[in-house]
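Novice: Sharing a structure here in structure tokens format.
Just so it is clear, none of the values below were taken in a lab; they were calculated from the coordinates. Being a predicted model, the structure only gives us computed values, none of them experimental. Positions of Cβ are generated from backbone atoms using ideal geometry, with glycine treated the same way; all protein chains shown enter the neighbour counts.
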Amino acid sequence: MKKIVGIVGNFKLPSSTYRVVAEITQQISQKLNMEFVIYNLSDLGASFPMAQSANELNFEAKHIIEEIINSDILVVGVPTYNASFPGMFKHLFDLISPETLANKPVVLSATGGSERHSLMIDYQLRPLFNYFKTWVTNTSIYVTSNDCIHTQPTAVLQERIQQTIDELEHLIAMKD
Ligand SMILES: Cc1cc2nc3c(=O)[nH]c(=O)nc-3n(C[C@H](O)[C@H](O)[C@H](O)COP(=O)(O)O)c2cc1C
């Protein structure tokens, strides 16, 4: 069965970013009949912060990196910190060779305290995944507390998730 891997770019739980990634990932899983797993940065364990290369990671962290590389779809979610993604999230992708993610379908999402930083995805996160030569959906998902992810996605948010899934289906058809 094909597999979706969700990566949450912070360490904390509970986390609104985790909830956003879970919502997107579960909906893709149901619509495209794929299994899924979600990791946050805490799952990478104690070796992660100081590792200078993937060789220095412990077993759990190496396994997560293999899951990312072998995933059929990657769903990324980050909290906005000072108008960008957290540095420790970038550190994870610094441990991954760019060629290993080429042509992988990717969905980008972010949470923020303010709608004013919604372009963070397009100015900060998308260029990183362009560098990795991934296939990022045109639609991305930015969520603030106004979108009520705590209870149920708003109609606007639900529409964006559906649009993302439609785009993913096209990307997957191109790969198959
Ligand atoms: C260090 C720090 C910097 C932040 N900077 C921004 C920012 O520049 N723009 C913004 O909209 N929200 C900012 N926030 C708010 C977080 O993006 C917001 O609380 C996020 O949704 C938290 O997600 P979480 O529940 O997964 O931690 C910042 C929060 C922290 C802790």
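Novice: Out of all the residues in segment 63-87, which are of a type outside the set (Ser, Thr, Tyr) and over 14 Å from the mean Cα position of the chain (by Cα)?
Specialist: His63, Glu66, Asn70, Asn82, Ala83, Gly87
Novice: Go through segment 1-31 and report how many residues are under 15 Å from Pro105 (Cβ atoms), assigned to a strand (DSSP E or B) and within 16 Å of the ligand (Cβ to nearest atom).
Specialist: 2
Novice: Whether any residue in segment 137-159 is out of contact with any Phe, Trp or Tyr (no Cβ under 9 Å at 6 or more places or on another chain), exposed (fewer than 12 other Cβ atoms within 10 Å of the Cβ), in contact (Cβ under 8 Å) with a residue 60 or more places away in the chain and outside any helix (DSSP H, G or I) is what I want to check.
Specialist: Yes, some residue in segment 137-159 is out of contact with any Phe, Trp or Tyr (no Cβ under 9 Å at 6 or more places or on another chain), exposed (fewer than 12 other Cβ atoms within 10 Å of the Cβ), in contact (Cβ under 8 Å) with a residue 60 or more places away in the chain and outside any helix (DSSP H, G or I).
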